[in-house]
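The values are calculated or read from the model by the stated rules, or taken from the named source; none is laboratory data. Nothing here was measured: the structure is a model prediction, and the numbers come from that model. Note that we place each Cβ from the backbone using ideal geometry, even for glycine, and neighbour counts take in every protein chain shown.
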């Protein structure tokens, strides 16, 4: 009951645009590494691999798509709320622990890319496959033109039972659980992904769940490497996105050739 009350209070604060500090320098790589280490501690038999996300261009037969090069994750730092972003990553990893077999593999990856879509528009996109496709198409334009807004993309791929297409859009609804019996057995409240969506949108970013090739579920999160001073409200959580001031993100040079340095620079939005 205590966890449920805390989650409800957290959502209420986000709904009101409170409880989020967009002025902190956040090592996203450290947050993700800590979460994957926690998952391995919870499920010692589970294989957890890491990698770098890149954008594979369209080849005439297939549209552009995210591709993962396995290995160490690149260092990525952005401006946002460290505790809230940690909550996002922890909630997703917690879902993997609750709803997938403890010996099923997980791959976590992250990378950076330009996309010809601005933050205000990105944060209003519905959390589904079709709108992830819109972002990927915008990223293909950004990559080919070497212009756009700089984003980081995180992918959490699991090989559990997955979620049927017809109910996948409900994953981010409050109190929805894909498997109520497992949620009760492992302490889920049905609010974890709703909180994750609210926090991501407040940054302002995008989150969705799609099928994992070979079976399972993949959560994809897109966050701007910088943020606007007063982004437009984006639904329940969007009002909190204007809490900070514009700041630059700092990331290591990625496979896309981006290298962003200098906290305090103006945001790199050319759209």
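For residue 14, indicate whether it is crowded, with 16+ Cβ neighbours inside 10 Å, modelled with pLDDT of 70 or more and either part of a helix (DSSP H, G or I) or at positive phi (or both). Taking the combined requirement at face value, the residue does not satisfy it. The number of residues in the range 99-114 being touching a residue at least 60 places away in the same chain (Cβ under 8 Å) and part of a strand (DSSP E or B) comes to 7.
Within this structure, residue 224 fails the test of being crowded, with 22+ Cβ neighbours inside 10 Å, at pLDDT below 60 and in contact with a helix residue (DSSP H, G or I) (Cβ under 6 Å, 6 or more places away or on another chain). In this structure, residue 136 does satisfy being closer than 21 Å to residue 209 by Cα and within 18 Å of the chain's Cα centre (by Cα).
Report, by residue number, each residue of the range 51-73 that is surrounded by 18 or more Cβ atoms within 10 Å (Cβ to Cβ) and assigned to a strand (DSSP E or B). If the condition is that a residue be surrounded by 18 or more Cβ atoms within 10 Å (Cβ to Cβ) and assigned to a strand (DSSP E or B), then 51, 52, 53, 54, 55, 66, 68 are the ones that fit.
A count restricted to the range 29-50 and to residues that are part of a helix (DSSP H, G or I) and either buried (at least 18 other Cβ atoms within 10 Å of the Cβ) or under 15 Å from the mean Cα position of the chain (by Cα) (or both) stands at 8. Residue 26 meets each of the listed conditions (1) in a helix (DSSP H, G or I); (2) touching a helix residue (DSSP H, G or I) at 6+ places or on another chain (Cβ under 9 Å) apart from (1).
Would a scan of the range 81-94 turn up a residue that is in a loop (DSSP other than H, G, I, E, B) and surrounded by fewer than 17 Cβ atoms within 10 Å (Cβ to Cβ)? Looking through the range 81-94, none of the residues is in a loop (DSSP other than H, G, I, E, B) and surrounded by fewer than 17 Cβ atoms within 10 Å (Cβ to Cβ).
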